[in-house]
Amino acid sequence: MRIKSICCIGAGYVGGPTMAIIAAKCPHIKVTVVDTNESRIAGWNDVDVSKIPIFEPGLSAVVAEARGRNLFFSTNVDQAIEEADMIFISVNTPTKTYGLGKGMAADLKYIELCARQIAAVAKTDKIVVEKSTLPVRTAEAIKNILHNTGNGVQFQILSNPEFLAEGTAVSDLLNPDRVLIGGDSSAEGQEAVNALVEIYANWVPNNQILTTNLWSSELSKLTANAFLAQRVSSINAMSELCEKTGADISEVARAIGMDSRIGSKFLKASVGFGGSCFQKDILNLVYIAKSYGLHEVADYWEQVIIMNDHQKRRFATTIVSTLYNTVSAKKIAFLGWAFKKDTNDTRESAAIYVADYLLNEQANIQVFDPQVKDAQIQNDLNYLGSRSESENRSGISCAEDAYQACQGAHAIAVLTEWDEFKEYDWQKIYDSMQKPAFVFDGRNVLNAEKMRKIGFIFQAVGTGK
Ligand code: UDX
Ligand code: ADP
């Protein structure tokens, strides 16, 4: 089966970039990305392509090349479903905030709604691809909904988890370590798998396209994220020990990373991992393990989250204790709010939790992030619900630039590792601050020696005082 038309439901951080690359690499396939969020779709269609709703290096150029040729963004979900041979489901699966599994299980209501909509609209056979990260055996639920429509339409369900990391989405999609496709072992299932393999084979070498059964594919995604998050928690745990003993975590990371069995990537101590995936996927894994009665397995993985929460809190409490045990009415500058550099995504960013802690201590926070604006920051804090919207507004605001954020501040907290932070005129910033002036570098981006020479009292997570 040769695919001529693709529909992707969900124009978010995964659906948008993934479909842009498929369209760019497969000009013979019509790709339509749909979303119910009208302003998001309007953003993707903005004549000024630099205004697309997701900031990712290189993405606007890819969209500019394919949009209007074979890449389309639309709110007409039904029409796109009807036209497509293959439908990707790329909607959000946040952690449940209510009912059974609250705070742990993935909320599958958006997935289920998609499946029901596909079932209601489809008139011809379709291949349905799970792109969102899902608990193992979600495909079964989607299958049940689709197969019981009674209108004779045949559906094949595939799992094709996305491994792109935000901030490097375009290069990850262009040169993936591997593409994983899970499908049914029946002849029809294998035909569907091959149809998707053929799409990726337009730019990914065949030996990097892995095919497995559905459940292996679903569980591999959760496992990959759990292992990656575990590495960050492991290095962060060691960073606390380094601070006590005078060892330097970056030296330790370098020394262990040269062991080819360990590898050098993903060993940066930080103020804690954020992003929409790690915490959600581990909580989900813990929930699944518990539901099978595997309590030791659940506790093992839960510790990764416990360590991460501890690291965020530890960073915040260090700021307070260093500033003579009070930050009340003191201005603290935040450099960065996004959960990592080169993205405007703030979901689960450590900055939110550090700000929340400091606001409880009555600090005045001013933030500068090159890609995040005030409305998003207020949203993030309002969503936590620790205080009223007006209290958040009076406690935290956005600055025009880093110089304004730091002016008159007692301390700077670096929460995102934006490259531009290294290039600032740090002497000028120091001169404009209250003395003594402190820098807390939660992302280890600034040069400690240089900062101390300027006069800052400098502390980075894991490097000791
Ligand atoms: C992650 C996975 O990497 C990706 O494969 C999956 O598809 C989605 O989840 P993402 O969350 O976009 O991607 O970014 P990632 O680069 O993994 O970073 C996650 C968090 O870990 C960030 O807050 C980052 O700053 C932090 N991190 C990462 C560290 O603190 N130290 C490191 O060494 C690496
Ligand atoms: P991700 O990081 O997984 O891409 P996002 O939250 O950025 O997650 O994107 C998911 C998108 O899916 C959102 O823009 C949301 O509006 C969209 N969405 C959710 N449910 C539906 C649905 N039933 N039909 C169309 N779009 C949907």
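List of remarks:
- Here GLU218 clears all of (1) within 16 Å of ligand 2 (Cβ to nearest atom); (2) assigned to a helix (DSSP H, G or I); (3) at pLDDT 95 or above except the condition numbered (3).
- Within segment 141-150, the set of residues being surrounded by 13 or more Cβ atoms within 10 Å (Cβ to Cβ) and either at pLDDT 85 or above or not aliphatic (A, V, I, L, M) (or both) comprises ILE142, LYS143, ILE145, LEU146, HIS147, THR149.
- Total residues in segment 94-111, condition open to solvent by 70 Å² or more (accessible area, probe 1.4 Å) and either in contact with a helix residue (DSSP H, G or I) (Cβ under 7 Å, 6 or more places away or on another chain) or away from ligand 2 (no atom under 12 Å from the Cβ) (or both): 4
- Test: residue in segment 68-80 that is small (Gly, Ala, Ser) and within 16 Å of ligand 1 (Cβ to nearest atom): no
- Residues that are in a helix (DSSP H, G or I), touching a residue at least 60 places away in the same chain (Cβ under 8 Å), within 16 Å of ligand 2 (Cβ to nearest atom) and of a type outside the set (D, E, K, R) are absent from segment 286-305 altogether.
Condition check ((1) surrounded by fewer than 18 Cβ atoms within 10 Å (Cβ to Cβ); (2) touching a residue at least 40 places away in the same chain (Cβ under 8 Å); (3) over 18 Å from the mean Cα position of the chain (by Cα)) across all residues:
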site	(1), (2), (3)
PRO161	no, yes, no
LEU173	no, yes, no
ARG178	yes, no, yes
ALA192	no, yes, yes
GLU198	yes, yes, yes
GLN208	yes, no, yes
LEU219	no, yes, yes
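- Qualifying residue in segment 385-404 (condition: open to solvent by less than 50 Å² (accessible area, probe 1.4 Å), among the acidic types (Asp, Glu) and at negative phi): no
- Matching option when the condition is open to solvent by less than 20 Å² (accessible area, probe 1.4 Å) and within 16 Å of ligand 2 (Cβ to nearest atom), among ASP281, ASP369, ASP342: ASP281
- Which numbered condition LYS330 fails, given (1) within 14 Å of ligand 1 (Cβ to nearest atom); (2) among the basic types (Lys, Arg); (3) under 30 Å from ALA411 (Cα atoms); (4) buried (at least 19 other Cβ atoms within 10 Å of the Cβ): (1)
- Residues of segment 98-110 that turn out to be in contact with an Asp or Glu (Cβ under 9 Å, 6 or more places away or on another chain) and at pLDDT below 90, as a count: 2
- Hits in segment 13-38 (condition: more than 10 Å from ligand 2 (Cβ to nearest atom) and either under 22 Å from the mean Cα position of the chain (by Cα) or not β-branched (Val, Ile, Thr) (or both)): MET19, ALA20, ILE21, ILE22, ALA23, ALA24, LYS25, CYS26, PRO27, HIS28, LYS30
- Number of residues in segment 272-290 that are within 8 Å of ligand 1 (Cβ to nearest atom) and touching an Asp or Glu at 6+ places or on another chain (Cβ under 9 Å): the value is 7.
- Some residue of segment 28-48 being within 16 Å of ligand 1 (Cβ to nearest atom), over 20 Å from VAL193 (Cβ atoms) and either buried (at least 24 other Cβ atoms within 10 Å of the Cβ) or touching a residue at least 12 places away in the same chain (Cβ under 8 Å) (or both): no
- Some residue of segment 78-88 being within 25 Å of the chain's Cα centre (by Cα), at pLDDT 90 or above and not small (Gly, Ala, Ser): yes
- Check on GLU188, surrounded by fewer than 18 Cβ atoms within 10 Å (Cβ to Cβ), touching a residue at least 40 places away in the same chain (Cβ under 8 Å) and out of contact with any Lys or Arg (no Cβ under 6 Å at 6 or more places or on another chain): no
- For PHE155: the one exception among (1) within 25 Å of the chain's Cα centre (by Cα); (2) open to solvent by less than 70 Å² (accessible area, probe 1.4 Å): (1)
- Residues that are of a type in the set (A, V, I, L, M, F, W, C), in a loop (DSSP other than H, G, I, E, B) and either modelled with pLDDT of 95 or more or under 26 Å from the mean Cα position of the chain (by Cα) (or both), drawn from segment 233-285: MET258, ILE262, PHE266, LEU267, ALA269, VAL271, PHE273, CYS277
- Any chance THR36 is in a strand (DSSP E or B), at pLDDT 95 or above, touching a Ser or Thr at 6+ places or on another chain (Cβ under 7 Å) and not acidic (Asp, Glu): no
- Contacts under 6 angstrom Cβ, first residue in segment 232-256 being open to solvent by less than 60 Å² (accessible area, probe 1.4 Å), partner within 16 Å of ligand 2 (Cβ to nearest atom), 6 or more apart: VAL232/PHE273
- Residues being open to solvent by 60 Å² or more (accessible area, probe 1.4 Å), hydrophobic (A, V, I, L, M, F, W, C) and touching a Ser or Thr at 6+ places or on another chain (Cβ under 6 Å) - total across segment 56-86: 1
The values are calculated or read from the model by the stated rules, or taken from the named source; none is laboratory data. None of these values were measured; they are calculated from a predicted model. Using ideal geometry, Cβ is built from the backbone for each residue, glycine included, and neighbour counts are taken over all protein chains shown. Side chains included, ligands, DNA and RNA excluded: accessible areas come from the protein's heavy atoms. Shrake-Rupley method; radii C 1.70, N 1.55, O 1.52, S 1.80 Å.
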